[in-house]
1. Taking 18 Å as the cut-off for C-alpha to C-alpha distance, list the pairs among Lys86/Lys125; Lys86/Lys120; Lys120/Lys177 that go past it.
2. Mind listing the long-range amide H neighbours of Ile63? Cut-off is under 5 Å, sequence gap 5 or more, other chains count too, H placed in the peptide plane at 1.01 Å from N.
3. By how many nm would the segment from Gln107 to Arg132 grow when fully extended, if each residue of separation counts as 0.36 nm and the alpha-carbon distance is taken off?
4. Percent of Cα-Cα pairs more than 17 Å apart in the stretch 55-105, please.
5. Rounded to the nearest 5, what is the percent of antiparallel bridges among the DSSP beta bridges in the stretch 47-177?
6. Working from the alpha-carbon coordinates of the stretch 121-177, get Rg over Rh, Rh being the Kirkwood radius.
7. Across the stretch 161-169, in residue order, what do the Karplus-derived ³J(HN,Hα) couplings come to in whole Hz, using 6.51 cos²θ - 1.76 cosθ + 1.60 with θ = phi - 60° and x for Gly and Pro?
8. Residue separation times 0.36 nm, minus the C-alpha to C-alpha distance between Lys115 and Leu58: what's the value?
Amino acid sequence: MKPLSLFTISLLTIFLCSCHSKGQEAPDTPQTPATEQTDNPYISKTQAEDNPVREENLSGEVIVLSPSDFTELITDLYDEKGFRYKGNTPCIVDFFANWCGPCRQIQPMMERMAKKYQGKLIIYKLNVDNAREICDRFGIQSIPTLMFFNRTTAPTRMVGAPTESELDAAINDFLNK
């Protein structure tokens, strides 16, 4: 009887583990569907009313955010509908610190990407030393961490300092989804 029990427990464990999503969604991303929703839980039919159109900075420059800018431009931290991007143009938020060597190393590359994808992508920077609550909410544990936001999908992330070709490929994949 004991071998059968072990086999059953093992099979159940494998089944439960295989059902767990291995995507790169932000931790604790609420999946509560919006009212009057489309097939996509990250955008509702009334989202235009929920998020009035804001003037976006499409200058091709890297934009430094304060924590209040983050919640105004990117997403509310405690929205019951989940992390829904407020902008129209997809963006990357670079979680960085001034004392971080790899963060300083990728800065010129982020500036080149902002110019290259001007009008198609906005690149923001958020100093983790000034944004503990945001970092905790998104599970930022190491820097640099790049979070990709758009209106139709959950945020995704890239942890560590990518090469320029890796970042360019990730941006192309992100924009073509």
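We did not get these values from a lab; they are worked out from the coordinates using the rules stated. These numbers were taken from a predicted model, which means no experiment stands behind them. With ideal geometry, Cβ positions are generated from the backbone for all residues, glycine too; neighbour counts draw on all protein chains shown.
1. Cα-Cα > 18 Å for no pair; all within.
2. Correct list: Ile123, Tyr124, Lys125.
3. Between Gln107 and Arg132, full extension yields an extra 6.9 nm.
4. More than 17 Å apart: 45 percent of the Cα pairs in the stretch 55-105.
5. Antiparallel: roughly 50 percent of the beta bridges in the stretch 47-177.
6. Rg/Rh: 0.96.
7. Once rounded to whole Hz, the list reads 8, x, 6, 5, 5, 5, 5, 4, 5.
8. Stretched fully, the Lys115-Leu58 segment lengthens by 19.6 nm.
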